Amino acid sequence: MPELEQQLTALGASLDWPPTPDLASRRVRYLPASRGGRVPLAATGWWGPVGNPPKWALAAAAVVIAVTALSIYPPSREAIANWVNVHTSFQQVPHLATPSPQPPGPLGERLGLGGRTTLPDAQKQLAWHIAVPSELGQPDEVYLQPPPNAPAQGEVTLVYATRPGIPVAGQTGVSVLITEARGAVDQNFFVKMIGPGTTLEAVTVAGHQGYWIAGPLNEFFFTDANGDVRSDTVRLAANTLILDFAGTIVRIEGDLTKAQAEEIATSLS
């Protein structure tokens, strides 16, 4: 309390108070009397009749002074807060916190792409050639999914985390996915695949027939090497280019323009 009193005294000396009005000399107001004449009313203040204010008014004034001191006089904040047992901290946040980064670990493990491997090891387990786009270079991660969870003869996926000019999907942390499996694409299957807001266009890229799908594609249907109809989940909610690459279905997913997707497909070898 002594420290609080000293700080309030110092505060009072620094405040610019308005002049106190002469309440005693205020005019007396009148109301009409019931039997003629006028009955004077005592001059009143905000607490009632002018005179000695009641104790509750003085207490209210003290609270107002304390709150004012707490808000505009920094040294008094902690003292007053301790006095009334209010533990409040004032913290200035210069900017919003950045979003949490992706959890550590391989990107493809969160996408259900199969077992992680290397490109040479995956090639040893497949009877067909894995096409790699020189436009993107070597993949950051490689995943192999064997049958029966994958199409006949297996399925390989190349994961590209970041590449210049290609946005990264916020939920997956992946820039481009290239999935390859032996089989063929039937245009009639796209009736089940294409939804509202998604368009389908037949294309030819470097002599290979295929389809450019602009918009989200949730599921992909095709015929595998054994002639069985299979479906596969599209991992990235982005544009997709599907090509028949000499008997291998190559699916390129990413937030790509048509020109970017075709350039990647042209560099497959």
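Key figures
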item: Total residues in the stretch 133-148, condition assigned to a loop (DSSP other than H, G, I, E, B) and more than 14 Å from Thr117 (Cβ to Cβ); result: 6
item: Only listed residue being surrounded by 14 or more Cβ atoms within 10 Å (Cβ to Cβ) and more than 26 Å from Thr172 (Cβ to Cβ), chosen from Ala225, Ala246; result: Ala225
item: First in the stretch 113-138 and more than 20 Å from Gly247 (Cβ to Cβ), second anywhere and part of a helix (DSSP H, G or I) and modelled with pLDDT of 95 or more, Cβ under 8 Å, 6 or more apart; result: Glu135/Glu263; Glu135/Ile264; Glu135/Thr266; Leu136/Ile264; Gln138/Leu119
item: Tabulated pairs, the stretch 223-234, first assigned by TED's automatic domain parsing to the domain that holds Glu180, second of a type in the set (S, T, N, Q), C-beta under 8 angstrom, 6+ apart or interchain; result: Asp224/Gln153; Ala225/Gln153; Val229/Thr223; Arg230/Thr223; Asp232/Thr179; Thr233/Asn218; Val234/Asn218; Val234/Thr240
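The values are calculated or read from the model by the stated rules, or taken from the named source; none is laboratory data. Small disclaimer: the values here were computed from a predicted structure and weren't measured. Note that we place each Cβ from the backbone using ideal geometry, even for glycine, and neighbour counts take in every protein chain shown.
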